[in-house]
Amino acid sequence: AAPPAPRPAAASNGWSYPSPLLEAATSSREAGTPCAKRPRQDAQELSAKGTASRPEQPLLARLERGEALIREGTEEEASNNLDAAYEGYRKGLWEILEVLPKLPPGLAGCWRKKADDYLDRAAKLKQRRDRKRG
């Protein structure tokens, strides 16, 4: 296997390497698990290791809030309450998309993929909602 590429001293977004979040994303990706399981789980693991830094905590909190809103949207969708479901997706995506540019590059890629999936689900939900309204 090829040796890993060297890491830059600092990213354009101001993060210094190695970032605990980037390290967590990289190590779990290499282990074959999703690179960002859930923000709360990421935060708990980093806190337990004593590696979570102050700038990362608010970002994790916003990601967690975004995912919680999307989970609420999913529950509303299961109950066929499409207006509330779409609103949950919309608000949750807003939280996640606001944070993406501030994440370290490795973790941002993972969350960008999740956001793309959520955007696709929200678009399909909006189409169903609009058809239902007639």
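Couple of notes before you dig in:
- Meets criteria (surrounded by fewer than 19 Cβ atoms within 10 Å (Cβ to Cβ), at pLDDT 95 or above and not in a loop (DSSP other than H, G, I, E, B)) for Glu64: no
- Cβ-Cβ under 7 Å pairs, at least 6 apart or on other chains, segment 118-134 side assigned to a helix (DSSP H, G or I), far side open to solvent by 70 Å² or more (accessible area, probe 1.4 Å): Ala122/Arg90; Arg129/Asp83
- Count of segment 99-120 residues, restricted to those that are open to solvent by 100 Å² or more (accessible area, probe 1.4 Å) and in contact with a Phe, Trp or Tyr (Cβ under 8 Å, 6 or more places away or on another chain), is 0.
- Scope segment 90-134; condition within 13 Å of Leu69 (Cβ to Cβ) and of a type in the set (Asp, Glu); matching residues: Glu95, Glu98
- Members of segment 78-90 that are within 20 Å of Asp117 (Cβ to Cβ), open to solvent by 60 Å² or more (accessible area, probe 1.4 Å) and touching a residue at least 24 places away in the same chain (Cβ under 8 Å): Arg90
- Check on Glu75, modelled with pLDDT of 85 or more, open to solvent by 70 Å² or more (accessible area, probe 1.4 Å) and of a type outside the set (Gly, Ala, Ser): yes
The values are calculated or read from the model by the stated rules, or taken from the named source; none is laboratory data. Source: prediction; values computed, not measured. Glycine also receives a Cβ, built like all others from the backbone with ideal geometry; neighbour counts cover every protein chain displayed. Each accessible area value is taken on the protein alone, full model and side chains, heavy atoms only, with ligands, DNA and RNA left out. Shrake-Rupley method; radii C 1.70, N 1.55, O 1.52, S 1.80 Å.
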